[in-house]
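What follows is calculated from the coordinates using simple rules that are stated; it is not laboratory data. Not measured: the values here are computed from a predicted model. Positions of Cβ are backbone-derived with ideal geometry, glycine not excepted, and every protein chain shown enters the neighbour counts.
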Number of protein chains: 2
Amino acid sequence: MPPDHLSTTFAALADPTRRAILARLASGEKSVNELAEPFEMSLPAVSKHLKVLESAGLIARGREAQWRPCRLEAGPLKDISNWVERYRRYWEQSFDRLDDYLREIQAKEKKGKSHGGKKK
Amino acid sequence: MPPDHLSTTFAALADPTRRAILARLASGEKSVNELAEPFEMSLPAVSKHLKVLESAGLIARGREAQWRPCRLEAGPLKDISNWVERYRRYWEQSFDRLDDYLREIQAKEKKGKSHGGKKK
């Protein structure tokens, strides 16, 4: 069974170097040499990461003979965003619960001060 | 070098069965047996997926002796959402460009109709 599109995208993003490459491409097209610079990595190693990103459709590469620039392709990122968005209410709920809890503690503290604050 | 938190989460999500397990947990806590039902999968296979999700902090398991229910933990999903959100303008830009292009075509078609519509 070939991996589905979302799984391929998630797998491509499961690596800090590949995410750093995308972050660098966010500021514009770059050649493989330019991309390799900050990583202290061999060109073949960087090329391997670029191939994974390209297979996932996260980058596209120009066809200009010499420097085939890489550019960000945001479509698969939109799919990730749509997928994760359906869970938003779960993390917002848990922060709501934390909020409720903190408010409860603050209310108790205030009550404690106004009732018993002069006993000390 | 241990994998970073985001990479572990992305890797855990790079599997359709694990994403389906999360989707099922979105409706509430479930036992391993309940989770295994729709997947036609052995319990050990499901357990393996649950371990990956648990290591990534995407689920938590109750400590009740018998049926240790699994529940969704949305924190890591929030981190994914925050990470992908910074690229929103890129996919919105590409849709804007498509919008511009479609508007341009429609304008040209209208112009064509009003100028040359009667020639046929």
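Amide H to amide H, with H built 1.01 Å from N, B:I59 comes under 5 Å of B:E54, B:E73, counting only residues 5 or more places away or on other chains.
Between helix B:75-85 and chain B there is an angle of about 20 degrees, using the helix long axis and the longest principal axis of the Cα atoms. Taking a sphere under 15 Å around the Cβ of B:S31 and counting the other residues whose Cβ falls inside, with K and R at +1 and D and E at -1, yields a net charge of +1. Charge tally for A:A12 (other residues, Cβ to Cβ under 14 Å; Lys, Arg +1; Asp, Glu -1): -2. Here A:R71 and A:R103 are evaluated by their C-beta separation; at R0 = 51 Å the FRET efficiency comes out at 0.60.
With one equal scatterer per alpha carbon and no solvent term, the Debye-computed log10 I(q)/I(0) for chain A at 0.14 1/Å reads -0.70. In order along the stretch B:21-29, the Karplus-derived 3J(HN,Hα) couplings, from 6.51 cos²θ - 1.76 cosθ + 1.60 at θ = phi - 60°, round to 4, 4, 4, 5, 6, 4, 8, x, 4 Hz, and Gly and Pro are given as x.
Magnitude of the charge dipole for the stretch B:33-110, about its Cα centre and with charges confined to Cβ atoms of Lys, Arg (+1) and Asp, Glu (-1), is about 240 debye. Pairs of C-alpha atoms in the protein assembly as shown farther apart than 29 Å represent 49 percent of all such pairs.
A label point on B:M41, set 7 Å along the Cα-to-Cβ line, lies at 3.0 nm from each of its counterparts in the other copies, closest listed first. Shielding value for B:79-90 is 6, the average number of Cβ atoms from other chains within 10 Å of each residue's Cβ. Using just its DSSP H runs of length 4 or more, each adding -39500 (n - 2.57), the protein assembly as shown gives a mean residue ellipticity at 222 nm of -20500 deg cm²/dmol after division by all residues. Across chain A, the relative contact order, built from alpha-carbon pairs under 8 Å that are at least six residues apart, equals 24 percent.
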